[in-house]
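The values are calculated or read from the model by the stated rules, or taken from the named source; none is laboratory data. Note that the structure is predicted; figures quoted are calculated from it, not measured. Don't worry about glycine lacking a Cβ; one is built from the backbone with ideal geometry, like all the others, and counts go over all protein chains shown.
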Amino acid sequence: MIEMQFEKESFDLLWAEGSIFIIGLSRGLKDFWGYLRPGGYLAFTELCWFVDDPPAEAREFFDNVYPDIKPADEVRRMAVAAGYRVIDSFNLPDSAWWDDYYTPMLARMHELKVKNAGVAEAEAVYGHCETEIEMFRRYSKSYGYTFFVLQK
């Protein structure tokens, strides 16, 4: 994703679900533009605030793990400023987090905690994951992934 080696304007669709953050939203919008054919689509998710004034505990957590989190309106403005037309956007439901991500993660972590008991690095990762899950449990109405569909 950092150094894609594709011909310019060679894609009708680029799909970056849960991954555009790797290179950053601004760079992703700019770089992906060049790979899309005229009229091509960019579909991606971005972690967004759903409320104007997020709870302090959630804001503090994301200041440390993803300080680039923005309201969805700001992401839409960035997309338009980069030349895209916003076709649609919607917030992913809590069930997408629980059914497809956190519930399987919790089950696997339970197994790994037994296997890696006493391994400080592993325990730190599990602790971070548990904190993230607790943040979502408490504040999922305040943040989550927004799915965006843009057209060049």
Single condition residue 122 does not satisfy, out of (1) farther than 30 Å from residue 34 by Cα; (2) touching a residue at least 60 places away in the same chain (Cβ under 8 Å): (2)
Qualifying residues in the range 100-152 (those that are of a type in the set (Lys, Arg) and closer than 30 Å to residue 85 by Cβ) - the one nearest to the chain's Cα centre (by Cα): 141
Residue in the range 78-87 that is in a helix (DSSP H, G or I), under 16 Å from residue 50 (Cα atoms), modelled with pLDDT of 95 or more and of a type in the set (Val, Ile, Thr) present: no
Residues of the range 110-152 that turn out to be touching a Pro at 6+ places or on another chain (Cβ under 9 Å) and either assigned to a helix (DSSP H, G or I) or closer than 16 Å to residue 60 by Cα (or both), as a count: 5
Subset of the range 27-60 [part of a helix (DSSP H, G or I), over 15 Å from the mean Cα position of the chain (by Cα) and either hydroxyl-bearing (Ser, Thr, Tyr) or surrounded by 15 or more Cβ atoms within 10 Å (Cβ to Cβ) (or both)]: 31, 32, 33, 35, 58, 59
